[in-house]
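These notes concern the structure reproduced below.
Please treat every number below as a calculation from the coordinates, not as lab data. Values in this document were obtained by computation on a predicted structure and should not be read as measured data. Every residue, glycine as well, gets a Cβ built from its backbone with ideal geometry; the counts of neighbours run over all protein chains shown.
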Amino acid sequence: MEPNRTVRVGARLAAVAWMAVIFGLSSLPGSSVPGKYGTLAHFVVYAVLGALLVLALPRSDRPWAAVATAVAIASLYGITDEFHQSFVPGRVPDVADWAVDTAGALTAAILLESARRIVAGRQ
C-alpha cells in the first residue's frame, strides 16, 4: 500500500476505535461522569474524531469536501451518541452537547486541512 492509503486505512480503524471509546464513555451512568469538564470534554473528544475522519477520507481535487464529510459524519455520530444516552441511567440527551460535539469536529477538521495546505505549500 502506498503511504496515503496506509494512513487512510489506519485512520479509519482509529476512527472506529475512537467511536467505540465515545460509546463507552456515553455508557457510564450519570453519577460516574465527572461534570467539571463536560463541555470541554465533548469538544476535545469530537475534535479527535473529526481529525481522524479527515485523515480517513480520500483526498481529492476538493479537499474541503473531505472536511465537510468528516464533520457531517461526526455530527451524525453525535446525534446517535445523545440518543444512546437517553437509555443510560442518570444521562439525558442534550442538544447543546451535540452542538459542542459538532463544533469540536469542525474546528479540528478545519485546522487539520489548513495545516495540510500550509505544509503542501512549503514543499
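Rg/Rh for the range 3-122 stands at 1.02; both radii use Cα atoms, and Rh follows the Kirkwood definition.
Quote the charge dipole size of the range 79-119 about the Cα centre in Debye, to the nearest 20; the model charges only the Cβ of Lys and Arg (+1) and of Asp and Glu (-1). Spell out each step's value before the answer.
Numbers: 3 positive and 6 negative charges, 49 e Å.
The dipole of the range 79-119 has a size of about 240 debye.
For the range 89-98, the Karplus equation 6.51 cos²θ - 1.76 cosθ + 1.60, evaluated at θ = phi - 60°, returns couplings of x, x, 10, 9, x, 9, 4, 5, 4, 4 Hz by residue, with Gly and Pro reported as x.
Just flag the trypsin sites (Lys or Arg not before Pro) in the range 1-92 sitting in loop per DSSP whose Cβ has no more than 13 other Cβ atoms within 10 Å.
Working: sites: R5, R8, R12, K36, R59, R91; in loops: K36, R59, R91.
Of the trypsin sites (Lys or Arg not before Pro), the ones in loops of the range 1-92 whose Cβ has at most 13 other Cβ atoms within 10 Å are K36.
In plain terms, if you count all Cα to Cα distances in the range 68-116 and split them into 5 Å steps from zero, the share in each step is 5, 23, 24, 19, 14, 8, 4, 2, 0 percent.
Can you pull out the chymotrypsin sites (Phe, Trp or Tyr not before Pro) in the range 45-123 that DSSP calls coil and that have at most 10 other Cβ atoms within 10 Å?
Working: sites: Y46, W64, Y77, F83, F87, W98; in loops: F87.
Passing both the DSSP loop test and the Cβ count: F87.
Given R0 = 22 Å, the distance between the Cβ atoms of V7 and S60 translates into a calculated FRET efficiency of 0.90.
Assuming charge only on the beta carbon of Lys and Arg (+1) and of Asp and Glu (-1), the dipole of the chain about its Cα centre is about 500 debye to the nearest 20. Here the extension length gained between S32 and T107 equals 24.2 nm, from 0.36 nm per residue of separation less the Cα-Cα distance.
Just from its helices, what would the mean residue ellipticity at 222 nm be for the chain, if runs of 4 or more DSSP H residues each count -39500 (n - 2.57) and the sum is divided by every residue, rounded to the nearest 500 deg cm²/dmol? Write down the numbers at each step before the final one.
Details: 4 runs with 94 residues, N = 123.
Calculated from helices alone, the mean residue ellipticity at 222 nm is -27000 deg cm²/dmol.
Any idea what the relative contact order of the range 3-122 is, in percent, if you count C-alpha pairs under 8 Å spaced at least 6 apart? Don't jump to the answer; show the numbers that get you there.
Working: 137 pairs, mean separation 41.8, N = 120.
That works out to 35 percent.
Ordering Y46, S32, P58 by the projection of their Cα atoms onto the charge dipole of the range 8-90, which places +1 on the Cβ of Lys and Arg and -1 on the Cβ of Asp and Glu, puts P58 at the extreme positive end.
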